[in-house]
Amino acid sequence: MFSVNDINPGKAGPMSQTPDFQEVYEEQADFVYSLSRRLSPGLADAEDLFQEVFLRVHRFLPAFQGGSVRGWLRRIVVNTNSSMKRGKKNQTMAHLDETPGWKESLPDTEAGPSEHVERRASRELLEHALSQLSDDFRTVLILREVEDLDYAEIAEVLNVPVGTVRSRLARARMALRKQLEVDGAR
Amino acid sequence: MVHDEHIAELLSASLDGALGPQEKSRLEAILNSQPETGALLAKLASDRDALRALPALLAPTQLKARVSSKLPSPRGSGTRWKTALMAASLVLALGLGVTTSRLLPATAERLHLRPAQLASRAGERTEEFSLKGSSHIEPHVMLSEKVSGTYSGGSAQLRLRGDVGEHGSGGKLWLRLGFDFDGDGVYDLHSQPQVLQLDDSLGYEEIVCHIPLSEGMRDLSRGQIKVELASLDPNTPLTLQLDPQQAYLKLPFEQLDEHRNSAS
């Protein structure tokens, strides 16, 4: 069960001014949404996760003891996703871009629209392959490659030893490679 | 495919620079004797690069408003919370996707959009033009030349209207800004391209796009600013509408000034 102790274990520090919820919501909504979509490929599941995360943020923000708000939010997203998934089958992955109002920001500033379209096909294969992985494998891959966390940071988020992160990441990468070959990529 | 979990872990850890000296030596020996393992390592590295290139997904405005309306009002801060909820409700009621103005500094300047031009003065009538998707997509360019201004920090915001007409679903608008800060003809910086999904109903919809600007932004000295727009779907041309009062590009520059030699 999610509790205040899940928010900031081992990082109790000097009390600092509680961040304003509205500011946190406006500044971090995109981050939480993007991580929710990556961890939970089903569209409805991801939107439920987004909502549940901010309900918990709203409830536990007064207990926030300082440090990185984003790091705190990341843990809430991962833990909430895990607790929501228990005993629940994954939804089929909806095309990430089927919703009117959907938008994305592309990392490569020099790529034109033609390059975007060319890369999109391989990106869709990758996203489909990710959606077929177990939650544990998908989560560790997203935390390492998308969130750029190191092994120690991932271990803290997942509350597992560093050795477990290293071996799980290796198995996740092999599972992704295998799925991509099954799907006909490269 | 390698079935040895130990080798798989060595390959994986090598991608993260997490091998100890003995592990590095062991992996080198394996790679020297097993070319197929080297090929696998290259594929794993390529998968890693593809994951790192996944774009950030931005929260849809309607989802944010819907979730915001379900959150309990904080005690003692009713005015601000109610104002935000009212704004969100108004946005939903009008069917608009308007972002909040607090994203931009108060001193932000704007250029008005015309089909081929960004201008300091608005046009006199609404203009329309189409973006035709094709197998090789050339973006449509709106340009402003000989522009000066002091960079004030922050992001840009583009506002216009678009419609996919009778072509149904799939309308995606790609847009990007470019800055030539000193007017030498070379674009020094491009924004991250933004891709927006339009709805498939008939009729124009408001498009408001917040465009983050990265490090490297600086003052403009008789430079150039361009907006590039494209339809990503070859089967779905987009029609864009430029209302002289509503179509604009807001930029984080103070005292933005066009040095025009002749009337536009």
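The values are calculated or read from the model by the stated rules, or taken from the named source; none is laboratory data. Not measured: the values here are computed from a predicted model. Cβ atoms come from the backbone with ideal geometry, glycine included; neighbour counts cover every protein chain shown. These area figures cover heavy atoms from the full protein model, side chains too; ligands, DNA and RNA do not enter into them. Shrake-Rupley method; radii C 1.70, N 1.55, O 1.52, S 1.80 Å.
Amide H contacts under 5 Å for B:ASP233: B:LYS172, restricted to partners 5 or more places along the chain or on a different chain, H placed in the peptide plane at 1.01 Å from N. Rounded to 0.05, the FRET efficiency of the A:SER82 and A:GLU124 pair, given R0 = 41 Å and the Cβ-Cβ distance, is 0.95. At q = 0.16, 0.26, 0.29, 0.31 Å⁻¹ the log10 of I(q)/I(0) for region A:136-184 amounts to -0.41, -0.90, -1.05, -1.15, computed by Debye summation with a single uniform scatterer per C-alpha, solvent ignored. With bins 5 Å wide beginning at 0, the percent of Cα pairs of region B:113-264 falling in each bin runs 2, 9, 19, 22, 19, 14, 9, 4, 1.
Label separation (A:GLU27 vs A:ASP150): 2.5 nm, computed from points 7 Å beyond Cα along the C-beta direction. Here the Karplus relation 6.51 cos²θ - 1.76 cosθ + 1.60, evaluated at θ = phi - 60°, turns the backbone of region A:131-145 into coupling constants of 5, 8, 6, 5, 4, 4, 5, 4, 4, 5, 5, 5, 5, 7, 8 Hz, with x for every Gly and Pro. Ligands, DNA and RNA excluded, the heavy atoms of B:GLU206 present near 20 Å² of accessible surface to a 1.4 Å solvent probe. The Rg/Rh ratio for region A:101-186 is 1.04, where Rg is the radius of gyration of the alpha carbons and Rh is the Kirkwood radius.
The fraction of all Cα pairs in region B:188-229 landing in successive 5 Å bins from 0 to the largest distance is 5, 14, 23, 20, 15, 10, 7, 5, 2, given as whole percents. Tell me, Kirkwood radius of region B:189-264 from alpha-carbon pair distances, in Å? One over the average 1/r among Cα pairs gives 15.7 Å for region B:189-264. Per residue of peptide B:188-198, the mean number of Cβ atoms on other chains within 10 Å of the residue Cβ is 5. Across B:LEU213, B:LEU238, the residue with the most accessible area heads the list, and the full order at a 1.4 Å probe is B:LEU213, B:LEU238.
With only the Cα atoms considered, region B:1-44 has a convex hull volume of 62 Å³ per residue. Summing charges over all other residues whose Cβ lies under 13 Å from the Cβ of B:ASP184, with Lys and Arg as +1 and Asp and Glu as -1, gives -2. Between B:THR150 and B:ARG26, the modelled label-to-label distance comes to 6.2 nm, taking each label 7 Å out from Cα in the direction of the beta carbon. Rounded to two decimals, the Cα radius of gyration of region A:21-85 over 2.2 N^0.38 Å is 1.03. Counting Lys +1, Arg +1, Asp -1, Glu -1, what net charge surrounds B:ARG125 among other residues with beta carbon under 11 Å of its beta carbon? For residues surrounding B:ARG125, the net value is -3. Close amide H contacts of B:ARG161 (hydrogens built in the peptide plane, cut-off under 5 Å, sequence separation of 5 or more or a different chain): B:ILE207, B:GLN241, B:ASP243.
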